[in-house]
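Remarks on the structure that follows.
The values are calculated or read from the model by the stated rules, or taken from the named source; none is laboratory data. All values derive from a computational prediction rather than experimental measurement. Reconstructed Cβ throughout: ideal geometry from the backbone, glycine too, with neighbour counts over all protein chains shown.
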Amino acid sequence: MKVYKTGDIRNIAIVGNAGSGKTTLSEILLHRGGKIKRVGTIDGKSTISDYRIIEHEQEGSVLSSVLHTEWNGVKINLLDSPGALDFIGGVVSSISIADTILLVLNSQNGIEVGTELHWRLTDKFNKPVIIVANHLDHDKTNFDKTIEEAKEKFGNGIVLVQYPVDQGPDFSSVIDVIKMKMFKWSRSGGDPEILDIPASELDKAKEIRNELIEAAAESDDDLMEIFFENETLTEEEMRTGILKGIISRGLFPVFCTSAKNNIGSKRLLDFIKNAAPSPDKMPAAITIDDEEVECDPSGAKSIFFFKSSVEEHLGQILFFKVMSGIISENEDLVNENSRSKERISQLFVTNGRNREKVSKVYAGDISATVKLKNTKCEHTLNQKGTNLQILPIKYPNPKYRTVIKALSESNDEKLGEYLNRIKDEDPTYILEYSTELKQLIIHGQGEHHLNTLRWYLDNQFKIPTEFIIPKIPYRETITKPAQADYRHKKQSGGAGQFGEVHMIIEPYTENKDKPKAFKIDGKEYTMNVRDTQEFELKWGGKFIFYNCIVGGVIDTSYMPAIIKGVMEKMENGPLTGSYARDIRVCVYYGKMHDVDSNEISFKIAGAKAFSDAFKKAGAKILEPIYNLEIMVPSSRMGDVMSDLQGRRSIIQGMSSAKGFEIIQAKVPLAEISKYATALSSISGGRATYEMEFAEYSPVPGDIQVQLIKNHEDEEE
Ligand SMILES: Nc1nc2c(ncn2[C@@H]2O[C@H](COP(=O)(O)OP(=O)(O)OP(=O)(O)O)[C@@H](O)[C@H]2O)c(=O)[nH]1
Ligand SMILES: [Mg+2]
């Protein structure tokens with residue numbers, strides 16, 4: 001494989017709604033660049049990008065694929081990404097690594113929820129976008145409406161470089177306003193005829209060209225001056241302006257394709273070569289220490305791993321981008337994350353599952369390697385003496401969870417191993433062994449995402465499993481002060497046990513003064529705080545312990561035992577066995593015995609007194625509440641809102657974002673265990689959401705009664 005210099009590299013992520021034609025477009029770009037002889041199809045399960053069995057089964061991409069093609073001496077790396085909303089992980093890694101994004105539109109459907117979501121990601125990662133209006137050969141295609149919607153949602157930076165003359169089933173021609181020519185394809189696509197623009201289209205073409213020139217001029221003050229003077233720009237000035245506009249996200253050029261009919265690839269490749277930035281033209285990468293790493297082949301060697309894939313007969317392949325320097329075969333580097341030495345003994349470039357060896361990889365290029373010892377995705381490897389750690393890719397929070405169990409216990413170990421392998425390929429799966437719930441929980445992006453995981457386990461790894469709805473991690477707390485005392489006394493021959501503890505417990509809230517006095521059931525208690533201990537509970541919330549003993553009735557040395565007793569009860573709450581939180585405990589009186597008192601006695605007395613007081617203190621069960629941000633097309637708003645009302649949610653806010661409504665709501669976790677699926681069915685797959693843990697809050701009274709009863713039944 002040829003070695004390409006930094007300026008001759010373009011890194012392109014292909015994103016867009018499911019079915020917009022990304023994989024088919026990738027295929028014709030590979031074919032056009034001479035990388036494949038035959039154009040594969042989705043129906044024929046023969047594309048280079050969708051090579052995995054699961055992708056044949058689902059007839060769509062599941063993971064991103066690293067591809068490359070060549071155009072006039074420039075290497076174009078293509079990261080074909082999945083469009084289905086649940087497979088967002090592949091989109092996030094592709095966008096974060098690429099320098100330019102091709103956002104593919106299905107011109108029958110206009111802007112779809114996936115388009116909107118991926119657009120937002122390009123904005124978040126601040127990456128240039130080229131828009132490809134695909135599917136121009138359908139009878140329901142509506143190019144003008146699609147572009148209108150795009151302008152409405154993404155702004156006036158959307159400018160046409162091309163427009164179709166005859167969209168629909170006979171689609172064969174586009175007018176290109178940079179070249180000011182008409183391209184006309186035969187039935188088999190490929191190389192178009194280049195014709196003069198017909199007289200009937202000339203005015204429209206000129207008008208659109210002027211819009212493009214104006215947009216190009218707007219990206220640069222000098223160009224703007226030239227434009228005002230001459231009322232136009234030369235081809236060269238236009239190119240400069242477009243490149244600047246693309247990089248600064250002021251200009252988003254639109255191209256026309258019918259990927260299935262092999263129409264439109266050549267001009268797109270020309271444009272990528274001429275107007276998409278090479279990696280060194282993009283802002284420097286950032287490290288965890290906020291240092292900038294310029295994409296410079298003469299800089300210190302540094303590579304960042306962004307993707308892993310497990311291939312039959314080969315094992316794990318790790319993909320990286322060279323952030324700086326030039327990497328050669330047999331390069332010795334140091335992993336900054338795991339602090340171990342690694343030798344890059346093999347270097348290759350890929351087209352789906354096909355690999356080609358390469359001797360050197362320049363800064364900005366993408367390559368792959370195998371057989372590393374201690375390297376994973378997100379790690380940075382540097383030449384000795386350099387200590388950079390590139391900022392890891394931030395993936396979206398999970399929003400769907402399930403408990404997973406191997407049907408046969410003998411498969412437990414294997415299950416763990418395979419789950420980790422799947423997780424390496426798709427970092428949006430999160431594995432959690434909850435010691436609290438004693439369950440292995442898999443978090444993912446939606447039911448489809450977890451069903452895909454199950455497909456791997458059933459078909460690829462042959463491990464039968466069951467998926468169970470996970471328990472909710474409830475908490476317990478109190479709402480008012482209460483008093484209790486307990487005497488633990490045991491006399492059975494030999495040494496006895498004796499410990500007596502009197503305590504008052506009350507709710508903890510932030511910035512509350514130290515306890516001074518309580519009035520409980522008509523009786524007054526004065527507290528004299530001698531010592532305070534504050535515990536940050538690992539399950540959230542606080543426990544504050546006040547030693548208010550006067551006159552040494554309990555020796556200070558017994559306090560840790562009392563705390564231990566209370567803590568044990570907090571770990572196994574008196575109502576339902578859930579963790580307790582946010583409680584202040586004042587031990588103010590008690591008794592000890594010269595001979596019989598010991599730690600165990602005070603631990604027991606502390607635990608019992610706490611448990612008794614807890615039950616008198618207006619105990620409440622708390623449930624986890626999540627912040628949901630739901631993005632829903634305006635036409636489905638009513639259905640989504642009424643569904644939310646049935647889920648004990650509190651609407652926090654609503655805003656409109658051009659055709660979409662954004663709803664912010666607080667919803668209990670117990671009500672959204674299958675929300676991803678429900679929302680998809682309510683909205684016909686057009687709505688999406690993000691969720692994030694917000695807080696714990698008390699469950700309604702009837703639910704509390706039910707939960708306590710369930711716990712008692714379980715205990716029995
Ligand atoms: N008629 C027509 N069909 C197309 C065009 N582009 C793609 N298709 C078809 O649309 C379907 C989806 O195409 P893909 O290339 O898999 O789309 P994708 O965007 O990669 O889909 P995901 O990977 O699932 O996100 C396939 O049946 C393609 O043959 C096009 O321009 N015209
Ligand atoms: Mg695809």
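Structure values in brief
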{"read-out": "Hits in the range 128-164 - residues which are in contact with an Asp or Glu (Cβ under 7 Å, 6 or more places away or on another chain) and over 20 Å from residue 267 (Cα atoms)", "value": "153"}
{"read-out": "The range 637-660, residues that are crowded, with 18+ Cβ neighbours inside 10 Å and at pLDDT below 90", "value": "660"}
{"read-out": "Residue in the range 560-573 that is assigned to a loop (DSSP other than H, G, I, E, B) and at pLDDT below 95 present", "value": "yes"}
{"read-out": "Filtered residues of the range 270-307 (kept if free of Cβ contacts under 8 Å to residues at least 12 places away in the same chain, in a loop (DSSP other than H, G, I, E, B) and of a type in the set (Asp, Glu))", "value": "290"}
{"read-out": "Close pairs from the range 57-85: first touching a residue at least 40 places away in the same chain (Cβ under 8 Å) and of a type in the set (S, T, N, Q), partner surrounded by fewer than 23 Cβ atoms within 10 Å (Cβ to Cβ) and in a helix (DSSP H, G or I), Cβ under 6 Å, at least 6 apart", "value": "72/273"}
{"read-out": "Residue identified as more than 26 Å from residue 326 (Cα to Cα) and in contact with a His (Cβ under 9 Å, 6 or more places away or on another chain) among 37, 75", "value": "37"}
{"read-out": "Condition met for residue 603 (closer than 30 Å to residue 488 by Cα, modelled with pLDDT under 95 and in a helix (DSSP H, G or I))", "value": "no"}
{"read-out": "Some residue of the range 247-257 being more than 16 Å from ligand 2 (Cβ to nearest atom), over 26 Å from residue 25 (Cβ atoms) and in a helix (DSSP H, G or I)", "value": "no"}
{"read-out": "Some residue of the range 318-341 being touching a helix residue (DSSP H, G or I) at 6+ places or on another chain (Cβ under 8 Å), under 25 Å from residue 2 (Cβ atoms) and surrounded by 14 or more Cβ atoms within 10 Å (Cβ to Cβ)", "value": "yes"}
{"read-out": "Strands (runs of 3 or more DSSP E) completely within the range 442-545 that count 1 or more residues being over 24 Å from residue 398 (Cα atoms) and not hydrophobic (A, V, I, L, M, F, W, C)", "value": "475-477, 482-490, 497-507, 517-520, 523-526, 531-536"}
{"read-out": "Residue tally, condition surrounded by 23 or more Cβ atoms within 10 Å (Cβ to Cβ) and free of Cβ contacts under 8 Å to residues at least 24 places away in the same chain, over the range 159-178", "value": "0"}
{"read-out": "Residue that is assigned to a helix (DSSP H, G or I), of a type outside the set (A, V, I, L, M) and under 19 Å from residue 309 (Cβ atoms), where the choices are 31, 68, 56", "value": "56"}
{"read-out": "Residue count, the range 417-435 (criterion: over 22 Å from the mean Cα position of the chain (by Cα) and assigned to a helix (DSSP H, G or I))", "value": "1"}
{"read-out": "Members of the range 593-612 found to be under 17 Å from residue 559 (Cβ atoms) and either among the acidic types (Asp, Glu) or under 49 Å from the mean Cα position of the chain (by Cα) (or both), listed by number", "value": "599, 600, 602, 603, 604, 605, 606, 607, 608, 609, 610"}
{"read-out": "Output for the range 66-84, where each listed residue is within 11 Å of ligand 1 (Cβ to nearest atom) and surrounded by fewer than 24 Cβ atoms within 10 Å (Cβ to Cβ)", "value": "84"}
{"read-out": "Selected residue [within 14 Å of ligand 2 (Cβ to nearest atom) and in contact with a Phe, Trp or Tyr (Cβ under 9 Å, 6 or more places away or on another chain)] from 96, 81, 20", "value": "81"}
{"read-out": "Residues satisfying the stated conditions in the range 85-107, i.e. acidic (Asp, Glu) and either near ligand 1 (Cβ under 9 Å from one of its atoms) or closer than 21 Å to residue 249 by Cα (or both)", "value": "99"}
{"read-out": "Residue in the range 400-416 that is of a type in the set (Phe, Trp, Tyr) and under 27 Å from residue 126 (Cβ atoms) present", "value": "no"}
{"read-out": "For residue 45: the one exception among (1) over 30 Å from residue 360 (Cα atoms); (2) charged (D, E, K, R); (3) within 12 Å of ligand 2 (Cβ to nearest atom)", "value": "(3)"}
{"read-out": "Residue match in the range 42-65 (condition: away from ligand 1 (no atom under 12 Å from the Cβ), surrounded by fewer than 24 Cβ atoms within 10 Å (Cβ to Cβ), polar (S, T, N, Q) and not assigned by TED's automatic domain parsing to the domain that holds residue 630)", "value": "no"}
{"read-out": "Which listed residue, of 79, 63, is assigned to a loop (DSSP other than H, G, I, E, B) and within 30 Å of residue 312 (Cβ to Cβ)", "value": "63"}
{"read-out": "Residue that is nearest to residue 134 (Cα to Cα) [pool: residues in the range 1-31 that are more than 15 Å from ligand 1 (Cβ to nearest atom) and basic (Lys, Arg)]", "value": "10"}
